[in-house]
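Encoded as structure tokens, the structure appears first; notes follow it.
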Amino acid sequence: VKAVVLDQLGTVRVQERPEPRLEGADEAIVRVTYAGICGSDLHIVSGRDRGCRLGTIMGHELTGVVEELGSEVDGLRVGDRVVAPFTVSCGSCFYCRRGLTGRCVHSRGFGFVAEDGVGLEGAQAERLRVPLAATTLVKLPDRRADGQPFEDREALFLGDILSTAHGCATGASISPGDVVAVVGCGPVGLLCVLAAQSFAPAAVVAVDAVAYRRERARSFGAVAAASPDEAAHLVADLSAGRGADAVLEAVGVAEALDLAIRLARPGATVSIAGYHTAEVYPLPIQAAYAKNLAFKIGRCHARRGIDLLLPLVLAGHLRHTEIITHVLPLSEGARAYQIFAERREEAIKVLLTPA
Ligand SMILES: [Zn+2]
Ligand SMILES: [Zn+2]
């Protein structure tokens, strides 16, 4: 199969790789229709997320069509259109039964194979192997609630960034009339703006240094700030000086979390969707104590998120596909990574399609 692989630290390359084959009776082979390029892919390529074996096929966001099924896979058929969460899950362990599917005891992530061989090849390929297929893959309906065809690209974000953003907003305990701050207006941050709006806040203040991303946040109904100081002023103005009632952090670096803590009012929740790769973070613990802050952090439970959010997507209430700025053929994978990483051509979300 043609695939985007981690060539060496800093670069990806499109290569021909061995055809994936079923290795167990619980598995499926899926022909990929769309694969997203995600900020966490960039962490792997840059080496900030350490330990990925060179030659690993990248990518963990996908829709596709089932091409082959192991003998023990119930509930799916060859030819089904499916979406996958970014990790596989068993559906029956302690964590899966509690909806914490991202922490399944059999969890493995697509697009990250460690030096010891643990992990799964990724989705930025013509086909991929999916273990635990019956409990990982979700079949997509052919039509939306309005009778229109349900396109794969409308479902793609369910498996990661849409579930991540909604999990982040839910974790922030937003009440109607709240002032919400969103730190970062990349793909996840912009979907956090949309997710926050679904809780009927009085205002959403979104912060990003990149002008065209602020513009998109405004189009989603946010008040946009270009700098930490501007964000602090806007939040103070909107909240009678108290600070934000809820803060969603969607970057994953220390400066973003610093700002999130700064913007929060006493008693607020800081909900962290950003993927933090640093080993430690110097928590300003006195400020956090003095503000009685609550923190929510961690990988989203995307398999559960698909179940929760698929009805909303089918109803057509979300505007999540508006962040898609580029759809490029898989063969241009290396260029697609550059466009996304260097924010060329006003890129927000960049997709690859093998077709
Ligand atoms: Zn992702
Ligand atoms: Zn499980």
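The values are calculated or read from the model by the stated rules, or taken from the named source; none is laboratory data. Every value quoted in this text rests on a predicted model; they were computed, and no experiment measured them. A quick note on method: Cβ atoms are made from the backbone with ideal geometry, for glycine too, and the neighbour counts reach across all protein chains shown.
When segment 124-143 is limited to residues that are within 22 Å of LYS349 (Cβ to Cβ) and away from ligand 2 (no atom under 16 Å from the Cβ), the one that is surrounded by the fewest Cβ atoms within 10 Å (Cβ to Cβ) turns out to be GLU126. Note on segment 144-160: among residues that are outside any helix (DSSP H, G or I) and more than 16 Å from ligand 1 (Cβ to nearest atom), the one that is surrounded by the most Cβ atoms within 10 Å (Cβ to Cβ) is PHE150. Among the residues of segment 195-250, the one identified as touching a residue at least 60 places away in the same chain (Cβ under 8 Å), buried (at least 21 other Cβ atoms within 10 Å of the Cβ) and out of contact with any helix residue (DSSP H, G or I) (no Cβ under 8 Å at 6 or more places or on another chain) is ASP245.
Checking each residue in segment 14-31 for being hydrophobic (A, V, I, L, M, F, W, C), out of contact with any helix residue (DSSP H, G or I) (no Cβ under 7 Å at 6 or more places or on another chain) and either under 15 Å from THR136 (Cα atoms) or at pLDDT below 95 (or both) picks out ALA25, ILE29, VAL30.
Among the residues of segment 295-309, those that are of a type outside the set (Gly, Ala, Ser) and surrounded by fewer than 21 Cβ atoms within 10 Å (Cβ to Cβ) comprise PHE295, LYS296, ILE297, ARG299, ARG304, ASP307, LEU308. Taking segment 270-294 as the range and being surrounded by fewer than 17 Cβ atoms within 10 Å (Cβ to Cβ), on the phi < 0 side of the Ramachandran plot and not hydroxyl-bearing (Ser, Thr, Tyr) as the test, the residues that pass are ALA278, GLU279, VAL280, PRO282, LEU283, PRO284, ILE285, GLN286, ALA287, ALA288, ALA290, ALA294. Candidates are the residues of segment 101-121 that are free of Cβ contacts under 8 Å to residues at least 40 places away in the same chain and among the charged types (D, E, K, R); the one that is surrounded by the fewest Cβ atoms within 10 Å (Cβ to Cβ) is ASP116.
Taking first residues from segment 155-166 that are farther than 17 Å from SER271 by Cα and in contact (Cβ under 8 Å) with a residue 60 or more places away in the chain and partners that are part of a helix (DSSP H, G or I) and more than 8 Å from ligand 1 (Cβ to nearest atom), the Cβ contacts under 6 Å between residues at least 6 apart in sequence or on separate chains come to PHE157/HIS320; LEU158/ILE306; LEU158/LEU309; GLY159/ALA302.
The rows are residues; the columns are (1) within 13 Å of ligand 1 (Cβ to nearest atom); (2) farther than 17 Å from VAL113 by Cα.
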| site | (1), (2) |
| --- | --- |
| GLY36 | yes, yes |
| GLY39 | yes, yes |
| LEU42 | yes, no |
| GLY47 | no, no |
| ARG53 | no, no |
| MET58 | yes, no |
| VAL66 | no, yes |
| LEU69 | no, yes |
| GLU72 | no, yes |
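Residues being of a type in the set (Ser, Thr, Tyr), near ligand 2 (Cβ under 8 Å from one of its atoms) and under 30 Å from LEU54 (Cβ atoms): count how many of those fall in segment 87-115.
Within segment 87-115, residues that are of a type in the set (Ser, Thr, Tyr), near ligand 2 (Cβ under 8 Å from one of its atoms) and under 30 Å from LEU54 (Cβ atoms) number 3.
If I ask for residues that are among the aliphatic types (A, V, I, L, M) and more than 12 Å from GLY122 (Cβ to Cβ), which ones from segment 5-29 would you list? Once the filter is applied, which keeps residues that are among the aliphatic types (A, V, I, L, M) and more than 12 Å from GLY122 (Cβ to Cβ), segment 5-29 yields LEU9, VAL14, LEU22, ALA25, ALA28, ILE29. Tell me, yes or no, whether segment 68-86 has at least one residue that is within 16 Å of ligand 2 (Cβ to nearest atom), touching a Lys or Arg at 6+ places or on another chain (Cβ under 9 Å) and part of a loop (DSSP other than H, G, I, E, B). Yes: segment 68-86 contains one or more residues that are within 16 Å of ligand 2 (Cβ to nearest atom), touching a Lys or Arg at 6+ places or on another chain (Cβ under 9 Å) and part of a loop (DSSP other than H, G, I, E, B). Of all residues in segment 260-302, those that are at pLDDT below 95 and part of a strand (DSSP E or B) total 0. All told, ASP49 meets the bar of being touching a helix residue (DSSP H, G or I) at 6+ places or on another chain (Cβ under 7 Å), in contact (Cβ under 8 Å) with a residue 40 or more places away in the chain and surrounded by fewer than 22 Cβ atoms within 10 Å (Cβ to Cβ).
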